[in-house]
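The structure appears below as structure tokens.
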Amino acid sequence: MCSGNSEGYCAVVAGVSMGGVEALRVLLGGLPPDFPLPVIIVHHTRPDSASDLAHLLNASATVAVKEADEGERLESGTAYLAPPNYHLLVERDGTLAFSVDTPVNYARPSIDVLFESAADAFGPGLIGIILTGAGSDGSKGLKVVKDKGGLAIIQDPLDANTDSMPRSAIAAVTADHVLALAEIAPLLCALAGGDRRTGCRRLEEHRNG
Amino acid sequence: MGSCMRTQDIEGIEIGLLLDGIFRVYGYDFREYAEASLKRRLAQWLQKTGLGSFPEAQARVLHDRELFSGLLEGITVNVSAMFRDPQFFKALREEVVLHLKTYPFIKIWVAGCSAGEEVYSLAIVLCEEGLQGRYRIYGTDINEKVLRQAEEGIYSLERVQQFTQGYQKAGGKRDFSDYYTARYDYAIVSEKLRDNVVFASHNLTADAGIGEMQMVLCRNLLIYFKPALKERVLGLIDGCLPNGGFLCLGMKETLSDRVIAGRYTEMVRGKRIYRKQYV
């Protein structure tokens, strides 16, 4: 369980590619059902893949896992997956948006697109995570997260199924934490549980102003 | 105000001023476009121009029509493909065409037609289902440059390979190469597909509807608009559709929460093919 009031962050974004299904199972499986932040995820998939990953992960996770809907408001304790063949973005009012603009880093959905828009929306209130994967998508986005005051977490390349994406991110960003996959959910729990006293308030308060 | 609201969105304000200026000088209204992806496109355009900031761009764009044309192209280009979402075109062929056949003549509007990919995909489906000579397809877009490309009907062979896969998955009945002539690295759409198609400039944020249509495709366009503009566009389309007409949206777009939703039923579940009810 996450204990205490959530005082620190507004949202978590995560990017993952090759080896991603297992990594997401571990990450989301480690979060309690009352995890106080929304988790927004880009998992690189083939454009024509069926969107059943959310169902698959929902079975093993205690937070609710769903495929993102257009215009949807972010809720705490929920993980949102980008649908295949669409970029997923966060608007400044805390709603989700899609685009079918050209692939970025050969990817649609692209991690950079999600991270850059979320960094715009949440600034220092954002936690960005790069997990296992091939290529370099997410490195630029994670740098923007950091530049706007957010926190950067990268899976330890030695612990990753495929290490090039985390390696690329480590080269691009001064990471706040480089951790084995199993250690990331407990850290999120501690961060969201109120370790940072002066940060932003919970998402609901963000919204209500 | 919660402290995770960003202190002040100066760049957002600068973009807002630029969009206000564009509206007042050129009449194009992007103020109701969804902000996150618009900002991304504007930032890409800005980088290409070499101008340092949005205020600098504003000072130039409002006086320089050519620079504005570049901006317009940069932020309105829609990415499309023939038979994008093959399951959608398969459903059209298998479940909608039989209804279209009951009309003596069929008029179809493809709103936001980009370089004509969906227009020609539709023409292929209609011809293969025996409707040749009984339809006219109107492709409209705000971007004049893509309309010229649509009229030319020229696509790179690399893209044509991708189109071919889509065509096959969508239940295509012939060899896709029947529909184009290859020259060097390009393919030109065959004459018979161009016969009954018309491309024209149309601005969904400002213009009126284009007359009675039996079917309207407006796919992956509403995702770029804020709710008020979504309502405007859907109202415009609704005004063009008689009872029994078809409205097709993108695979991740729905009518839920929209004003016109009550008049439509999703005819093919999950494929975003809606039919206006007979009252």
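What follows draws every value from the coordinates through simple rules; no lab data is involved. As the structure is a prediction and not an experimental result, all values here were calculated from the model. Note that each Cβ is placed from the backbone with ideal geometry, even for glycine, and that neighbours are counted across all protein chains shown.
Quick notes on this one:
- Residues whose amide H falls under 5 Å from that of A:Ala64, counting only those 5 or more places apart or on a different chain, are A:Ala79, with hydrogens built in the peptide plane.
- Nearest-20 debye value, the protein assembly as shown charge dipole, Cβ charges on Lys, Arg, Asp, Glu: 840 debye
- Across the stretch B:172-216, the residues whose backbone nitrogen lies under 19 Å from the label position 7 Å along the beta-carbon direction of B:Arg65 are B:201-203.
- Using the Cβ of B:Gln149 as centre and a radius below 15 Å, the other residues enclosed give a net charge of -3, where K and R count +1 and D and E count -1.
- Helix-derived mean residue ellipticity, 222 nm - over chain A, DSSP H n ≥ 4, -39500 (n - 2.57), to 500: -8500 deg cm²/dmol
- For A:Ile170, net neighbour charge (Lys/Arg +1, Asp/Glu -1) across residues whose Cβ lies under 11 Å away: -1
- Counting only lysines at least 8 places from A:Lys148 when in the same chain, those with an alpha carbon closer than 16 Å to its own are A:Lys140.
- Check: the stretch B:155-279 dipole with +1 on Lys, Arg Cβ and -1 on Asp, Glu Cβ, in debye: 400 debye
- Chain B, relative contact order in percent, only Cα pairs under 8 angstrom and at least six apart counted: 17 percent
- Figure legend: label point modelled 7 angstrom from the Cα of B:Phe105 along Cα→Cβ; residues of the stretch B:131-160 with amide N under 15 Å from it are B:132-138.
- Approximate spin-label separation B:Glu73-A:Leu158, in nm, with each point projected 7 Å along Cα-to-Cβ: 5.2 nm
- Long-range tail of P(r) for the stretch B:10-76 (Cα pairs > 16 Å, %): 36 percent
- Label-zone membership for the stretch B:136-172, site B:Asp207, 7 angstrom Cα→C-beta point, backbone N under 18 Å: B:136-152
- For chain B, the longest principal axis of the Cα atoms and the long axis of helix B:157-169 meet at an angle of about 50 degrees.
- Computed packing ranks the peptides A:56-62, A:179-185, B:37-43 as B:37-43, A:179-185, A:56-62, most packed first, by mean other Cβ atoms within 10 Å.
- At q = 0.11 Å⁻¹ the log10 of I(q)/I(0) for the protein assembly as shown amounts to -0.96, computed by Debye summation with a single uniform scatterer per C-alpha, solvent ignored.
- For the segment B:241-251, counting C-beta atoms of other chains within 10 Å of every residue's C-beta and taking the mean gives 1.
- Mean per-residue shielding of peptide B:79-87 is 2, counting Cβ atoms of other chains within 10 Å of each Cβ.
- With a threshold of 32 Å on the Cα-Cα distance, the over-threshold entries among A:Lys66/A:Lys143; B:Lys145/B:Lys230; B:Lys145/B:Lys192; A:Lys143/B:Lys169 are A:Lys143/B:Lys169.
- Neighbourhood net charge (12 Å Cβ-Cβ; Lys/Arg +1, Asp/Glu -1) for B:Arg31: -2
- Spin-label pair B:Val259-B:Gln47: with each label point 7 Å from Cα along the Cα-Cβ axis, the two points sit 3.9 nm from one another.
- Loop-resident sites, the stretch B:171-235, for GluC sites (Glu not before Pro), counting at most 12 other Cβ within 10 Å (DSSP): B:Glu212
- Cα-based helix-to-principal-axis angle, B:35-49 vs chain B, degrees rounded to 10: 70 degrees
- Within 10 Å of the Cβ of each residue in A:92-99, the mean number of Cβ atoms contributed by other protein chains is 6.
- Taking B:Val268, B:Val216, B:Val125 in turn, the Gaussian network model of chain B (Cα-Cα springs below 10 Å) assigns the largest fluctuation to B:Val268.
- DSSP-assigned coil residues among trypsin sites (Lys or Arg not before Pro) in the stretch B:142-181, each with at most 15 further Cβ atoms within 10 Å: B:Lys173, B:Arg174
- Dipole of the protein assembly as shown, positive end: most advanced residue of B:Ala59, A:Leu131, B:Val160 [Cβ charges, Cα centre]: B:Val160
- Charge-dipole axis of chain A as Lys and Arg at +1 and Asp and Glu at -1 on Cβ define it, positive-most pick from A:Leu56, A:Ala82, A:Leu191: A:Leu191
- With both labels modelled 7 Å from their Cα along Cα-to-Cβ, the B:Tyr26 to A:Ala134 distance reads 4.1 nm.
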